[in-house]
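Below is one structure; the comments refer to it alone.
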Amino acid sequence: MTKCKECQQDDVYIHFGEEKLCLACYNVRMEKQFGVAATSYPEGVVIRDGKGEVRHFLLRKRMDLLGIFMEAKEMTEGGYEFNIQDDLYSDQGELLLRLIAKAERGMAEIYVERRTFPNGQNYNSIRNDRLAGRIDSNLTDERLPLLAINGKAYTWEEVGRMLMGYKRFQVKLEMLDSYEEIVWEENEVHHFWNQEEEKV
C-alpha cells in the first residue's frame with residue numbers, strides 16, 4: 001500500500017488534489033479549512049447480527065465541505081457496510097450512536113437461510129419472500145458484480161438458484177444510495193406458498 005504523503009506512516013485513504021493522504025491527515029486539513037475538528041472515536045465496534053453472531057466493524061470518520069461522513073465496515077468479502085452523514089456542526093458522538101443503531105437495524109432481518117432437502121443436500125432459501133443487499137465488485141469476473149447479503153457475497157448464479165422457486169412471479173427491484181436505509185412496509189411480507197414443497 002502507498003503511504004500518506006503527509007505523515008509517511010499510514011496508508012493512503014483519499015486523493016486531495018495531487019496529494020495522497022491518510023484519513024487522519026486529510027481530516028486535519030479539513031479542520032484547518034473549516035474550523036471543525038474530528039472528535040475522537042473508537043477504531044472499531046462489535047455488534048451482533050440477526051442470528052446473534054458477533055460482527056467486527058472498522059469505523060471511519062471523514063470531514064468534508066458537505067458534512068461529516070461516518071462508516072462502519074466489516075473487513076471481509078461481502079461483509080456488512082453502513083454509512084451515515086450529517087452537517088459539519090452536528091454532534092459527532094450522536095452521529096456515532098446513530099451509525100451503530102443503523103447497523104443494528106440493517107442486520108436485524110435474515111434474508112437467506114441454509115436449508116436441507118430430504119435427501120440431505122443443502123441449499124440456500126429466501127426468507128419472507130424478499131431480498132435486500134449491496135452490489136459489490138467481483139474481482140474474479142468483472143462482467144458481473146457480486147451481491148452482498150447478510151454479510152456474505154453471493155454470485156448472480158447463486159442468487160438465480162434461490163429465485164428458481166419463484167418462476168412466473170413478479171419482482172420489484174429498487175436501488176438506494178448507501179447513505180439511505182432499507183425500510184420495508186409491514187404488509188410487504190408475503191407467504192404465497194409452502195416453498196419447501198415447491199423446491200423439493
- Can you find a residue in the range 94-105 that is under 21 Å from the mean Cα position of the chain (by Cα) and not in a helix (DSSP H, G or I)? no
- Query: Are any of the residues in the range 141-148 of a type in the set (D, E) and either surrounded by 14 or more Cβ atoms within 10 Å (Cβ to Cβ) or at pLDDT 95 or above (or both)?
  - Reply: no
- Message: Just to verify a result, which residue in the range 11-30, among those that are surrounded by 12 or more Cβ atoms within 10 Å (Cβ to Cβ), out of contact with any strand residue (DSSP E or B) (no Cβ under 7 Å at 6 or more places or on another chain) and not aromatic (F, W, Y), is farthest from A72 (Cα to Cα)?
- Response: E19
- Query: Given the conditions (1) over 24 Å from F69 (Cα atoms); (2) in contact (Cβ under 8 Å) with a residue 24 or more places away in the chain; (3) not small (G, A, S), and given that L139 satisfies all but one, which numbered condition is not satisfied?
  - Reply: (2)
- Among the numbered conditions (1) more than 25 Å from Y111 (Cα to Cα); (2) in contact (Cβ under 8 Å) with a residue 24 or more places away in the chain; (3) polar (S, T, N, Q), tell me where N83 comes up short. (1)
- Within the range 28-47, of all residues that are in contact (Cβ under 8 Å) with a residue 40 or more places away in the chain and not in a loop (DSSP other than H, G, I, E, B), the one farthest from A108 (Cα to Cα) is F34
- Which residues, counting only those in the range 128-140, are closer than 24 Å to K51 by Cβ, open to solvent by 40 Å² or more (accessible area, probe 1.4 Å) and part of a loop (DSSP other than H, G, I, E, B)? L131, G133
- Item | Condition broken by E77, with the remaining ones in (1) touching a strand residue (DSSP E or B) at 6+ places or on another chain (Cβ under 9 Å); (2) closer than 24 Å to D64 by Cβ satisfied | (2)
- Scan the range 172-184 and report the pairs whose first residue is open to solvent by 90 Å² or more (accessible area, probe 1.4 Å) and whose second residue is outside any loop (DSSP other than H, G, I, E, B) and of a type in the set (K, R), with Cβ atoms within less than 9 Å and a gap of 6+ or a chain change. V183/R105
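Residue by residue through the range 12-26, note down the ones that are part of a helix (DSSP H, G or I) and either over 23 Å from E43 (Cα atoms) or under 24 Å from the mean Cα position of the chain (by Cα) (or both).
The first filter runs over the range 12-26 and keeps only residues part of a helix (DSSP H, G or I), leaving 23-26.
Of everything in the range 12-26, those that are part of a helix (DSSP H, G or I) and either over 23 Å from E43 (Cα atoms) or under 24 Å from the mean Cα position of the chain (by Cα) (or both) turn out to be L23, A24, Y26.
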- Query: Of F69, F82, F34, F57, which residue is over 20 Å from the mean Cα position of the chain (by Cα) and open to solvent by less than 70 Å² (accessible area, probe 1.4 Å)?
  - Reply: F34
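The values are calculated or read from the model by the stated rules, or taken from the named source; none is laboratory data. All figures in this text were calculated on a predicted structure; none of them were measured in a lab. Here Cβ is always computed from backbone atoms with ideal geometry, including for glycine, and neighbour counts include all displayed protein chains. Each accessible area value is taken on the protein alone, full model and side chains, heavy atoms only, with ligands, DNA and RNA left out. Shrake-Rupley method; radii C 1.70, N 1.55, O 1.52, S 1.80 Å.
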